[in-house]
Ligand code: GBH
């Protein structure tokens, strides 16, 4: 039977997690301390004082977890390696026991016919490096490249798809701008330095890697409320300015250096006014603009803005003065994020048009809802319809010419949702934290069928 919507042959299906969100075992086998350990253990930073100390205990339960992935029929499991497991002090000698864990995990995956996609940085910077300036310090980029080389040396005979960074915008602007994420700094100038050093880290690490290389960015189409209803509507000069500015800060600040070797003019003007441009040195953009094969897209919702004279830039958006970040009416997830699948097709089509040389992969998409357990089931119909809508949007983008290679759901498991702790559940598999029992939600069973028929009914 042919499904209603069929994806191209060889379309990649998978699911994603990140080290600090799932591993636990925070003090085992020589793992060093990360900025997220410090942040989560600081009262008032994470909801209810939750930490990643135990999380999903994936560090010990990975064999069971891989069996579950195999049952779902995943082609790919995207996970991240924890820098402080591999290089406990951030620089200096590697810790073989940390690498042993990732080798065991990779072997288990390969044995189950699942392809490992490794992300080298999903926000758990070694605390020792933060104490020396963190991402605001240029040295961190060079230490990252060394760490990347150590992981690559151990795993490159088995792993061929490598992502340097996950969402450098979040690391820089939530970590050093709004301070809602670790290390909890609120300093616009540090945030822009962090953004540049993260890009530099990406480029330097890419030079040390072989195989299929990727960079994952959190991206969103930036639109006015009117454009959500009618994508083609004409904007006032003021609104167009607001849209252009936020698009430059969120999307092009990372896309253009990595893929074109230039910073957007608007970004340079803003950085100039927030600490200056001295940290951007001659030759950096050549290093940053390494050839990569895939652009990873983490999409949750569009970014809705409009011009508003006198509006003061939020801490996460230094330079975005005169911009109102609008919360819109309509269906939303438990995070309060609006559900707008068309934002994903819009984004994918735009990326393929503006950056035609790089393949696209959705490395994260998914949603938190207030799940209920009913007997031995989790009837998460809201998540099924979220995923269904966004997969249809992916298909639409492919039909419109976007070079989309695959889709990885966020997340395989309920896990440590950063500042929200364990309250927000993004998994297609439920974790009962008291018993660590895994329970595939209805969305997981639905996703298994989607994978099996390579399409949606
Ligand atoms: C991803 O980030 C992460 O990669 C993943 O670890 C996480 O669990 C998952 O999403 C779910 O949160 O204007 O300051 O309010 C999420 C990316 C980008 C979502 C910024 C919230 C709003 C920024 N985030 N966005 S702000």
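Results for (1) in contact (Cβ under 8 Å) with a residue 60 or more places away in the chain; (2) over 20 Å from residue 83 (Cβ atoms); (3) touching a helix residue (DSSP H, G or I) at 6+ places or on another chain (Cβ under 6 Å), shown as yes or no for each residue.
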{"site": "21", "(1), (2), (3)": "yes, no, no"}
{"site": "29", "(1), (2), (3)": "yes, no, yes"}
{"site": "33", "(1), (2), (3)": "yes, no, yes"}
{"site": "38", "(1), (2), (3)": "yes, no, yes"}
{"site": "48", "(1), (2), (3)": "yes, yes, no"}
{"site": "58", "(1), (2), (3)": "yes, no, yes"}
{"site": "66", "(1), (2), (3)": "no, yes, yes"}
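Only a single criterion out of (1) out of contact with any helix residue (DSSP H, G or I) (no Cβ under 7 Å at 6 or more places or on another chain); (2) touching a residue at least 40 places away in the same chain (Cβ under 8 Å); (3) within 14 Å of the ligand (Cβ to nearest atom); (4) part of a helix (DSSP H, G or I) is not satisfied by residue 251, namely (2). Can we say residue 186 is more than 18 Å from residue 126 (Cα to Cα), modelled with pLDDT of 95 or more, within 16 Å of the ligand (Cβ to nearest atom) and assigned to a loop (DSSP other than H, G, I, E, B)? Yes; evaluated as a whole, the condition is true for this residue. Only a single criterion out of (1) out of contact with any strand residue (DSSP E or B) (no Cβ under 6 Å at 6 or more places or on another chain); (2) closer than 19 Å to residue 410 by Cβ; (3) crowded, with 22+ Cβ neighbours inside 10 Å is not satisfied by residue 13, namely (3).
If you go through segment 265-291 and keep only what is within 15 Å of residue 318 (Cβ to Cβ) and either in a helix (DSSP H, G or I) or within 22 Å of the chain's Cα centre (by Cα) (or both), you end up with 266, 267, 268, 269, 270, 271, 272, 273. Just so you know, in segment 189-234 the residues that are in a strand (DSSP E or B) and in contact with a helix residue (DSSP H, G or I) (Cβ under 8 Å, 6 or more places away or on another chain) include one that is nearest to residue 288 (Cα to Cα), and it is 215. When restricted to residues that are crowded, with 17+ Cβ neighbours inside 10 Å, more than 10 Å from the ligand (Cβ to nearest atom) and touching a residue at least 12 places away in the same chain (Cβ under 8 Å), segment 306-319 contains 4. Of the strands (runs of 3 or more DSSP E) contained entirely in segment 346-443, those carrying at least 1 residues that are touching a residue at least 60 places away in the same chain (Cβ under 8 Å) and within 16 Å of the ligand (Cβ to nearest atom) fall at 359-364, 404-410, 429-432. Whenever a residue of segment 215-243 is farther than 27 Å from residue 359 by Cβ and touching a residue at least 60 places away in the same chain (Cβ under 8 Å), its partners that are in a helix (DSSP H, G or I) and within 16 Å of the ligand (Cβ to nearest atom), lying with C-beta atoms within less than 8 angstrom and at least six residues away or across chains, give the pairs 224/242; 224/243.
A quick yes/no check of all residues on (1) surrounded by fewer than 23 Cβ atoms within 10 Å (Cβ to Cβ); (2) over 25 Å from residue 408 (Cβ atoms):
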position: 84; (1), (2): no, no
position: 95; (1), (2): yes, yes
position: 112; (1), (2): yes, no
position: 115; (1), (2): yes, no
position: 132; (1), (2): yes, yes
position: 140; (1), (2): no, yes
position: 148; (1), (2): no, no
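Considering segment 162-183, the residues that are farther than 23 Å from residue 208 by Cα and away from the ligand (no atom under 12 Å from the Cβ) include one that is surrounded by the fewest Cβ atoms within 10 Å (Cβ to Cβ), namely 183. Checking 145, 149 one by one, the residue that is more than 16 Å from the ligand (Cβ to nearest atom), in contact with a helix residue (DSSP H, G or I) (Cβ under 6 Å, 6 or more places away or on another chain) and touching a residue at least 24 places away in the same chain (Cβ under 8 Å) is 145 and no other. With respect to being in contact with a helix residue (DSSP H, G or I) (Cβ under 9 Å, 6 or more places away or on another chain) and surrounded by fewer than 19 Cβ atoms within 10 Å (Cβ to Cβ), residue 237 falls outside the description.
Within segment 122-130, identify whether any single residue is under 30 Å from residue 449 (Cβ atoms) and within 16 Å of the ligand (Cβ to nearest atom), and answer yes or no. Among the residues of segment 122-130, at least one is under 30 Å from residue 449 (Cβ atoms) and within 16 Å of the ligand (Cβ to nearest atom), which makes the answer yes.
The values are calculated or read from the model by the stated rules, or taken from the named source; none is laboratory data. Computed from a predicted model, the values in this text were never measured in an experiment. Don't worry about glycine lacking a Cβ; one is built from the backbone with ideal geometry, like all the others, and counts go over all protein chains shown.
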